[in-house]
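Remarks on the structure that follows.
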Amino acid sequence: MKFLVPALIIAATAAPAAVAQTGSVEVTPAAPAVGATVVDTTGATVGTIESISGAVAVINTGSAKVGYPLASMTPGPKGPIIALTKAALEASYAEQAAKAQADLQAKLVAGTAVRSLNGGTQVGTIKTADAEFVTLTTAKGDVRLPKSGFSLDAQGVIIGMTAEQFNAAISGAAAAK
């Protein structure tokens, strides 16, 4: 019994020192940056920040690349923290992608103006559209293009080429005939 009391005293005095040492170690939270690992609120890995543009980070989950607002990320010790799990983020992305695809399909109809990428230049008007292709009426004649080359921006239907690229492509196709 004599030894028990000194042992408790040593343990009691050693514990606060260990706590004090552990408590004094500062962990700097990781802010959103390209290459940073993004985690959810439980600390599980969601993905990696692939790029940052303005106020949005693109998180690569391994199966999806999803834009996420920087303002909705919290710096954390393992990396930026978001409120969604990987599964929830991927499901949200899939839902938004399906909606965007449905919106595009609804606009790929006869009479719709089509503009060039990164500009307001109208390159043609949709003449017809089927399951795979869209036929545009252009100043140089009709052109049949795959649906995958079209998308939407805030002003309507666009093609994935600048006006110069589009004109060069249809001129080259006409010359090859």
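The values are calculated or read from the model by the stated rules, or taken from the named source; none is laboratory data. All of these numbers come straight from a predicted model, not from anything done at the bench. A quick note on method: Cβ atoms are made from the backbone with ideal geometry, for glycine too, and the neighbour counts reach across all protein chains shown.
Results, tabulated for the structure shown:
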| item | result |
| --- | --- |
| Count of residues meeting criterion [under 17 Å from Val134 (Cβ atoms) and surrounded by fewer than 17 Cβ atoms within 10 Å (Cβ to Cβ)] in region 153-164 | 3 |
| Criterion violated by Glu95 - all others in (1) touching a strand residue (DSSP E or B) at 6+ places or on another chain (Cβ under 6 Å); (2) assigned to a helix (DSSP H, G or I); (3) loosely packed, with under 13 Cβ neighbours inside 10 Å satisfied | (1) |
| Single match in Thr61, Thr13, Thr22 (criterion: among the hydroxyl-bearing types (Ser, Thr, Tyr) and modelled with pLDDT of 95 or more) | Thr61 |
| Residue check for Val39: modelled with pLDDT of 95 or more and of a type outside the set (Lys, Arg) | yes |
| Selected residue (only one of Gln122, Gln105, Gln101 is surrounded by 14 or more Cβ atoms within 10 Å (Cβ to Cβ), at negative phi and of a type in the set (S, T, N, Q)) | Gln122 |
| Which listed residue is among the hydrophobic types (A, V, I, L, M, F, W, C) and assigned by TED's automatic domain parsing to the domain that holds Thr162, from Leu136, Leu84, Leu70 | Leu136 |
| Region 100-153, subset farther than 17 Å from Ser171 by Cα and among the basic types (Lys, Arg), residue nearest to the chain's Cα centre (by Cα) | Lys147 |
| Per-region count, region 98-120, residues farther than 30 Å from Asp142 by Cβ and of a type in the set (A, V, I, L, M, F, W, C) | 1 |
| Residue pairs meeting the criteria (Cβ under 9 Å; at least 6 apart or on separate chains; first under 20 Å from Val134 (Cβ atoms), in region 89-118; second assigned to a strand (DSSP E or B) and among the acidic types (Asp, Glu)) | Arg115/Asp153; Leu117/Asp153 |
| Residue within region 63-75 that is touching a Ser or Thr at 6+ places or on another chain (Cβ under 9 Å), of a type in the set (Val, Ile, Thr) and within 17 Å of Gly160 (Cβ to Cβ) present | no |
| In region 105-130, the residues that are assigned to a strand (DSSP E or B), among the charged types (D, E, K, R) and under 13 Å from Arg144 (Cα atoms) | Lys127 |
| Residue within region 78-97 that is under 11 Å from the mean Cα position of the chain (by Cα) and under 16 Å from Ala36 (Cα atoms) present | no |
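Each row is one residue, and each column tells you yes or no for (1) within 25 Å of Ala100 (Cβ to Cβ); (2) hydrophobic (A, V, I, L, M, F, W, C).
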{"residue": "Arg115", "(1), (2)": "yes, no"}
{"residue": "Thr138", "(1), (2)": "no, no"}
{"residue": "Gly160", "(1), (2)": "yes, no"}
{"residue": "Ala163", "(1), (2)": "yes, yes"}
{"residue": "Ala168", "(1), (2)": "no, yes"}
